Amino acid sequence: MPSAARAYSRRDTVLFVSCIVVALAAIQLPDRVRDPFASALRQSILAPLVSLQSDAEQSRRSWLTREVREAQRDSIALRAMSLDASLADNNRLCKLLGLGEALRWGFVPAEVLQGRGVGEEYTVVLSVGAKAGIRPFSPVVAPEGLVGMVKSVDPTMSIAIAWAHPDFRVSAMTVDTAAYGIVGAHLGSEPERYLLEMRGVTMRSNLKPGTLIVSSGLGGTFPRGIPVGTVIAEVKTSELWARTYLLRPAVSPADVSDVMVLLPARTTAGVQSVWKVGTYADSAVKSIVAAGDSLGRLQARKDSAALPRDTSGRSVMMAPVTTSPQREAKPARTPFTTPTTPAAPAAPTTTTP
Amino acid sequence: MRPTDFFRTLIAFIILVMLHYTLRPLLGWRPGPDFLVIATLLVAIRVRPGAAALIGLCVGLVSDSVDVHVFGAGALAMSMIGFTASWLKAVFFADDVLLNALFFFLGKWAFDIIYVLAGHRGDFAQMAIQLFVWSPLTAAVTALFGLVTLLILRPVLRASPT
């Protein structure tokens, strides 16, 4: 602090009084004069100070809201993580809806309860049983193709063997019927254990990799035309009169959570119109997915049209309608059908040779 | 005032004004430190009372322009405490921590009293709470920060040997 005291003169008094007068005059200024004056000061010589103050306040606000922002970011990340699973579920359900639309009748949707115990690697438990019309040897299918076959049936549940089971067999053929064979599990070591083998193909039939193999319908258990797998390569065996091919299965049982069980009447009627198979399996799956999407759009239009409207023309939300999860075999009233859907044939023709 | 002392005081003044518009909003305390009062008091004790009143008027107008509540009230209050501080500087010339703290405390409280009374802000109860609760708190915080500022700026504010 300075130690020297200065003289106090009349000039200081005059200056002080002048300052007080100016300050009092500033207080009494009307708004129309005061605001433009203050605004002019803020926009000119005080602009740096105003900018500093604004930046400091923003910094403080950012600091105070950082925890909220972190929480929001975590929530968004969590949602993004669950979004993949939701998309996968949506995709799977679309496919299943498409399959239901394509089958139209004679099937029972079932939930797969995976068995993961010892000896249960190749079997699955289905959430439907004899009460729903399930019978032993009923084919179990997914939108991608054949999953397996029902082995035993309880009133409310059933056990099916997947194609990877050692006892599983299906008569199969190429789409152009040029080659036939018996498809079963490839009993090799991991990871080839989860492939299929097509045995007994005639020597003159040379199948190229990627060729689609479908069920032939021979034997009566599986209807004709269900995708089984695609050819990977030929397996060299000791058999001289027939070829054996390694197949990539159309369905991975580990990834299946919902399936359709075909009822005996549907098996007899055939499913050749369901998987519109071309040479390759992708086209069949795409057609089913497209059916599911179009079904969703149709259903959305129906729901929208069915909503009652208030006087302003807006839709009024209603309580959801509970529907049965199971679609029984009712040819006259088919699942996933619209009023324009034609009824299924009352007496399906038998295609089993 | 010697030119060297003038520039040193000017630097300290600018630093304090900067702190008022950066550190104070950053802290966001209701009883926040008033660096403008500290700056005015620091300059006032180094100049004549008339000049101190003029500086106080300018600082007050700056304050009123940036934070427009009662335009002119800040200028009036700052002029009065600037003039008074310069007039009473003989009392506070000693380099004593408690005296300096009291100097800042009284200066800030006097500023608030003049500012609130000149502005007629709120009803009587609100004014009383402001003047006897918040203003002493703000004055105490200002005194604390004023002391810290004095310690930090001591090399700058030390008078040149004559």
Requested in this report: Identify all aspartates and glutamates with a Cα-Cα distance to A:Lys208 below 12 Å; exclude those on the same chain that are fewer than 8 residues away in sequence.
Outcome: A:Glu234
**Report entry** Charge tally in the Cβ shell below 9 Å around A:Leu246, where Lys, Arg are +1 and Asp, Glu are -1, A:Leu246 excluded
**Finding:** -2
Query - Check: the stretch A:107-282 dipole with +1 on Lys, Arg Cβ and -1 on Asp, Glu Cβ, in debye - result: 520
Query - Summed side-chain charge close to A:Gly184 - residues other than A:Gly184 whose Cβ falls under 14 Å, Lys, Arg +1, Asp, Glu -1 - result: 0
Report summary line: Between A:Arg79 and A:Trp63, the two model label points (7 Å from Cα along the beta-carbon direction) sit apart by a distance in nm of 3.0
Report summary line: Simple SL model, points at 7 angstrom along Cα→Cβ for B:Leu10 and B:Met127; separation in nm is 4.1
Report summary line: Computed from the beta carbon distance with a Förster radius of 60 Å, FRET efficiency for A:Ile45 and A:Ala71 to the nearest 0.05 stands at 0.90
Query raised in the report: Can you give the extra length, in nm with one decimal, that the chain gains between A:Asp176 and A:Ser86 once fully stretched, where that is 0.36 nm per residue apart less the Cα-Cα distance?
Result: 28.6 nm
**Report entry** Charge sum, other residues only, whose C-beta stays under 13 Å from A:Leu87's C-beta, Lys/Arg counted +1 and Asp/Glu -1
**Finding:** +1
Query raised in the report: Between A:Val112 and residues 5 or more places away or on another chain, which pairs have amide H atoms under 5 Å apart, with H built 1.01 Å from N, and which residues are they?
Result: A:Asp258, A:Val259
Requested in this report: Give the calculated FRET efficiency between B:Val148 and B:Arg30 to the nearest 0.05, with a Förster radius of 25 Å applied to their Cβ-Cβ distance.
Outcome: 0.80
**Report entry** Sequence-distant aspartates and glutamates (8 or more away, or on other chains) whose Cα lies within less than 17 Å of A:Lys131
**Finding:** A:Glu111, A:Asp154, A:Glu328
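Each value in this text was obtained by applying a stated rule to the coordinates, not by laboratory testing. Worth saying up front: this structure is predicted, and the values here are computed from it rather than measured. Note that each Cβ is placed from the backbone with ideal geometry, even for glycine, and that neighbours are counted across all protein chains shown.
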